[in-house]
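Q: Below is the structure I would like to discuss, written out as structure tokens.
The values are calculated or read from the model by the stated rules, or taken from the named source; none is laboratory data. Note that the coordinates shown come from a computational prediction; the quantities given were computed from them, not determined experimentally. Cβ sites come from the backbone with ideal geometry, for glycine too, and all protein chains shown count toward neighbours.
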Amino acid sequence: MELHYSMLCCQCGAPIEPNPSSMCLQCLKQRVNVAEGVDAEATLLFCRQCERYSLSGDKFVPAELESPQLMGLCLKRIKGLKNCKILDAKFLWTEPHSKRVKVRMLLQKEVLNQTIVEQEHTVTFTIITTMCEECQYTYTDHTWNFMIQVRQKVVHKRTFLYLEQEIMNQRTRFQIYDIETVPDGIDFFFTMKSHCLRFMDFLHSRVPGVHSETVKLVSADVKSNTANKKHSILFEIANLCRDDLIVVPKKMRQLVGNCTRPCIVHKMNQWIHIVDPISGQTSSITAQQYFSCVFGPIRTRISRQRAQVLYCEDGGAYIQTPHDAEAGEQHFCYTHMWQVLKEEQDVWVYETSLIDFEEYQLAKNFMVGQKYYIISRAAKTDEKKVRKIKETKLVENQQDYDEDDIQAVAELYDDDFKGELEAEEVEVDGECYCPQ
């Protein structure tokens with residue numbers, strides 16, 4: 001038989017289990033306030049332009065309503081929690097326009113002879129709208145110190161659309177206080193050199209390009225030996241894009257494996273990765289090599305045609321375009337993709353009969369020998385991805401991009417951030433293989 005010992009509460013006389021305080025829970029809560037010294041009201045600074053909350057000092061961080069990030073900001077703003085332990089914390093519903101955020105916490109504290117007491121406590125935060133330092137500069141003239149001018153001399157704008165998507169995905173990393181669009185590029189403005197250099201490294205990791213810097217003296221104080229300067233950096237992107245058909249200039253061929261045949265640009269990052277559409281020979285061109293001998297594409301994705309694979313053989317495949325189907329014709333094309341192509345699969349091709357190869361200084365014994373160059377497989381369009389790209393805009397009221405540019409960026413994200421190719425590997429729609 002188990003014996004249960006009990007005692008009387010020293011305040012109300014109710015029978016209770018023995019505890020160090022000799023009081024029942026109700027009397028203990030009336031006598032001890034766990035939330036004593038903990039703030040019941042606090043403030044949150046909110047930038048109405050960039051929609052970020054103040055963390056400490058001039059540092060602002062993004063956070064959504066009722067998100068874990070905002071909960072962390074709120075708990076850091078509450079004073080008096082040093083001697084308490086937070087067991088739970090949650091948001092209470094408030095009107096969206098009330099400028100109030102309520103947080104209910106479950107506090108635990110050791111009181112009166114090592115007795116542990118739990119108590120709920122609600123803190124009301126008042127949201128005060130302000131402007132962070134970066135946003136203040138946007139309303140003041142002559143405040144930028146560093147500017148990066150991104151330029152590319154091409155007809156399409158798909159490279160800038162790709163950069164906009166990448167910047168929006170990682171915008172919290174960059175302290176960009178103003179952005180302006182120009183007909184042939186985008187201008188980014190910064191207040192500190194470290195922010196400018198961080199963004200410059202980001203551009204070099206995404207697209208092949210070179211930069212040059214110029215300095216303009218705004219004002220100078222001879223007595224104190226100080227000067228106000230503005231730094232302008234021109235970042236020029238290579239005039240090529242994915243799926244472009246190119247011929248490497250004669251001066252550069254020895255640097256890229258003596259590539260004397262027309263090639264296809266199959267990937268663009270800090271290097272220009274090219275592949276021979278027939279043999280599968282791969283090579284890479286650095287930004288410095290490209291700008292030492294600038295050249296443009298023979299054909300771009302605007303000139304490509306859709307074709308269907310009828311059946312494959314060693315080293316190539318029989319394909320048929322809609323025009324060939326009307327004429328009852330089919331053509332055999334050597335391709336580096338013959339190992340991964342399947343019957344009744346759609347591919348993108350360039351028609352070689354429309355290209356004059358004599359003006360590009362190819363080898364004397366060079367012969368095309370086929371009507372089409374197969375570029376890549378024609379994947380289905382992801383409508384969700386296209387809609388997301390259309391909705392994501394870096395600058396308000398900016399001009400909409402062409403539908404072809406949006407489709408190109410949507411296709412690009414399928415193969416983006418993949419590993420680098422091996423020495424003799426070719427990447428086709430995410431699959432790597434060695435051509436035989």
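Q: For Ala410, all conditions in the list (1) among the small types (Gly, Ala, Ser); (2) farther than 19 Å from Cys263 by Cα; (3) at pLDDT 80 or above hold save one; what is the number of the exception?
A: (3)
Q: Within the stretch 106-133, work out how many residues are in a strand (DSSP E or B) and over 45 Å from the mean Cα position of the chain (by Cα).
A: Selection size over the stretch 106-133: 5.
Q: Still on this structure, I have one more. Could you check how many residues of the stretch 290-309 are hydrophobic (A, V, I, L, M, F, W, C) and in a strand (DSSP E or B)?
A: Total satisfying the criteria: 2.
Q: If you check Ala42, Ala63, which single one turns out to be modelled with pLDDT under 90, aliphatic (A, V, I, L, M) and touching a helix residue (DSSP H, G or I) at 6+ places or on another chain (Cβ under 6 Å)?
A: So the residue among Ala42, Ala63 that is modelled with pLDDT under 90, aliphatic (A, V, I, L, M) and touching a helix residue (DSSP H, G or I) at 6+ places or on another chain (Cβ under 6 Å) is Ala63.
Q: Tell me whether the stretch 11-26 contains one or more residues that are surrounded by fewer than 16 Cβ atoms within 10 Å (Cβ to Cβ), at pLDDT 75 or above and not in a loop (DSSP other than H, G, I, E, B).
A: Yes, that holds for at least one residue.
Q: Output the number of the condition that Tyr318 fails; it satisfies all remaining conditions of (1) more than 30 Å from Arg253 (Cα to Cα); (2) among the aromatic types (Phe, Trp, Tyr); (3) touching a residue at least 24 places away in the same chain (Cβ under 8 Å).
A: Tyr318 satisfies every listed condition except (3).
Q: Looking at Ile128, Ile167, Ile148, which is the one that is surrounded by fewer than 12 Cβ atoms within 10 Å (Cβ to Cβ) and either closer than 30 Å to Leu217 by Cβ or in contact (Cβ under 8 Å) with a residue 40 or more places away in the chain (or both)?
A: When all the criteria are applied, what remains is Ile128.
Q: So Val210 ticks every box in (1) among the β-branched types (Val, Ile, Thr); (2) over 22 Å from Val155 (Cβ atoms); (3) out of contact with any Leu (no Cβ under 7 Å at 6 or more places or on another chain) but one. Which box is left unticked?
A: The failed condition is (2).
Q: Report the residue count in the stretch 237-267 for those that are at pLDDT 90 or above and among the polar types (S, T, N, Q).
A: The qualifying residues number 1.
Residue-by-condition table, conditions (1) among the aromatic types (Phe, Trp, Tyr); (2) surrounded by 16 or more Cβ atoms within 10 Å (Cβ to Cβ); (3) over 25 Å from the mean Cα position of the chain (by Cα):
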| site | (1), (2), (3) |
| --- | --- |
| Cys263 | no, yes, yes |
| Lys267 | no, yes, no |
| Ile274 | no, yes, no |
| Pro277 | no, yes, yes |
| Val294 | no, no, yes |
| Gln308 | no, yes, yes |
| Glu313 | no, no, yes |
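Q: Of the residues Ala238, Ala227, which is over 17 Å from Tyr360 (Cα atoms) and free of Cβ contacts under 8 Å to residues at least 12 places away in the same chain?
A: Sole residue among the options that is over 17 Å from Tyr360 (Cα atoms) and free of Cβ contacts under 8 Å to residues at least 12 places away in the same chain: Ala227.
Q: Limited to the stretch 185-229, what total is found for residues that are more than 28 Å from the chain's Cα centre (by Cα) and either within 23 Å of Val395 (Cα to Cα) or not basic (Lys, Arg) (or both)?
A: Adding up the residues that qualify gives 13.
Q: Here's another thing I want to ask about it. When you go through (1) closer than 18 Å to Lys79 by Cα; (2) modelled with pLDDT of 90 or more one by one for Glu120, which number turns out not to apply?
A: (2)
Q: Now for a separate question. Given (1) under 21 Å from Ala408 (Cβ atoms); (2) buried (at least 20 other Cβ atoms within 10 Å of the Cβ); (3) touching a strand residue (DSSP E or B) at 6+ places or on another chain (Cβ under 6 Å); (4) not polar (S, T, N, Q), where does Arg301 come up short, assuming only one miss?
A: Failing condition for Arg301: (3).
Q: Something else: For the stretch 180-198, check the following and say yes or no: at least one residue is within 28 Å of Ala227 (Cβ to Cβ), in contact with a helix residue (DSSP H, G or I) (Cβ under 9 Å, 6 or more places away or on another chain) and aliphatic (A, V, I, L, M).
A: no
Q: If we keep just the residues of the stretch 320-364 that are charged (D, E, K, R) and over 16 Å from Arg377 (Cα atoms), which is surrounded by the most Cβ atoms within 10 Å (Cβ to Cβ)?
A: Asp324
Q: Going through the stretch 178-222 one residue at a time, which ones are outside any strand (DSSP E or B) and without any contact (Cβ under 8 Å) to a residue 24 or more places away in the chain?
A: Once the filter is applied, which keeps residues that are outside any strand (DSSP E or B) and without any contact (Cβ under 8 Å) to a residue 24 or more places away in the chain, the stretch 178-222 yields Pro183, Ser194, Leu197, Asp201, Val222.
Q: When you look at Val182, is it within 26 Å of Trp271 (Cβ to Cβ), of a type in the set (Val, Ile, Thr) and more than 16 Å from the chain's Cα centre (by Cα), yes or no?
A: Considered against the rule, which asks whether it is within 26 Å of Trp271 (Cβ to Cβ), of a type in the set (Val, Ile, Thr) and more than 16 Å from the chain's Cα centre (by Cα), Val182 comes out as no.
Q: So which strands (runs of 3 or more DSSP E) are wholly in the stretch 323-383 and hold at least 2 residues that are more than 19 Å from Glu411 (Cβ to Cβ), touching a residue at least 40 places away in the same chain (Cβ under 8 Å) and not assigned by TED's automatic domain parsing to the domain that holds Gln254?
A: It comes to none.
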